[in-house]
Amino acid sequence: VWWWGDEDATIDYCLTNLSRVCERYGGDPNAVFFTGFSRGAIAASYLGLRNEAVADVWLGFLPHSHIDGGRFTPDGARERLARTRGRPTLITYGGNDDGRNESPKGAQILRELGFPVVERELAGLRHTDRFLETDSLIRREMRAWMAEVLARRPGTAAVRGRVVDRAGNGIPGVRVQCGGWHWSVTDGNGDYTIPSLV
């Protein structure tokens, strides 16, 4: 009925494959954004913030045309959106789109929680994500927003350290992990940084 079947199985599938992508293809596990359109926008918080394990993954959220907390997923939305814990959200929706009626509800919950949220209505846009295919003011704003989030990483902290052998020499290539998701690999001097810890 609500489009994603078994929520826990969907989250397990997501975490397994997201980890594979990061490990096999060089993705940065400390710089993952959750974005989606329509049902995917609802899923960005309905599923992406459903429990602590999956909520820990995301650096930021970019839902377009809907978000958790509207008429499709009102129950528990405040609890789920609270798991953003200060990480930023950029919500977009079309001026001629039903998302215009639903997206502000999630944005309002985030504001009430005191978390950073940017909300943009795109004049004249219907229920589509094709506006991203061409250069536009909103696409440039979204990219600038992502660059700023990557540079500042609001709502997160970092851990830095060095892995050494018994003689105090740095050990390169060691994977250091915090919790179930965030990891880094030591450099040639044994130094590491794990940013984006919630």
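The values are calculated or read from the model by the stated rules, or taken from the named source; none is laboratory data. These numbers come from a predicted model, not from an experiment. Positions of Cβ are backbone-derived with ideal geometry, glycine not excepted, and every protein chain shown enters the neighbour counts. Please note that ligands, DNA and RNA were not included when accessible areas were found on the heavy atoms of the full protein model with its side chains. Shrake-Rupley method; radii C 1.70, N 1.55, O 1.52, S 1.80 Å.
Structure values in brief
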read-out: In region 125-150, the residues that are open to solvent by 80 Å² or more (accessible area, probe 1.4 Å) and closer than 21 Å to LEU59 by Cα; value: ARG140, ARG143, GLU148
read-out: Total residues in region 152-168, condition among the aliphatic types (A, V, I, L, M) and either surrounded by 16 or more Cβ atoms within 10 Å (Cβ to Cβ) or within 15 Å of the chain's Cα centre (by Cα) (or both); value: 1
read-out: Pairs where the first residue, in region 64-86, is in contact (Cβ under 8 Å) with a residue 60 or more places away in the chain and on the phi < 0 side of the Ramachandran plot and the second is open to solvent by 30 Å² or more (accessible area, probe 1.4 Å) and assigned to a loop (DSSP other than H, G, I, E, B), C-beta under 6 Å, 6+ apart; value: HIS64/ASP129; THR84/PHE115
read-out: Top-ranked residue in region 108-124 [being over 15 Å from ARG140 (Cα atoms) and β-branched (Val, Ile, Thr); ranked as surrounded by the fewest Cβ atoms within 10 Å (Cβ to Cβ)]; value: VAL117
read-out: Some residue of region 85-92 being touching a Lys or Arg at 6+ places or on another chain (Cβ under 8 Å), among the polar types (S, T, N, Q) and open to solvent by 10 Å² or more (accessible area, probe 1.4 Å); value: no
read-out: Top-ranked residue of region 180-198 - restricted to ones that are assigned to a loop (DSSP other than H, G, I, E, B) and touching a helix residue (DSSP H, G or I) at 6+ places or on another chain (Cβ under 9 Å), ranked as surrounded by the fewest Cβ atoms within 10 Å (Cβ to Cβ); value: GLY180
read-out: Complete set of residues in region 11-31 that are part of a helix (DSSP H, G or I), under 24 Å from PRO88 (Cβ atoms) and either open to solvent by 70 Å² or more (accessible area, probe 1.4 Å) or polar (S, T, N, Q) (or both); value: SER19, VAL21
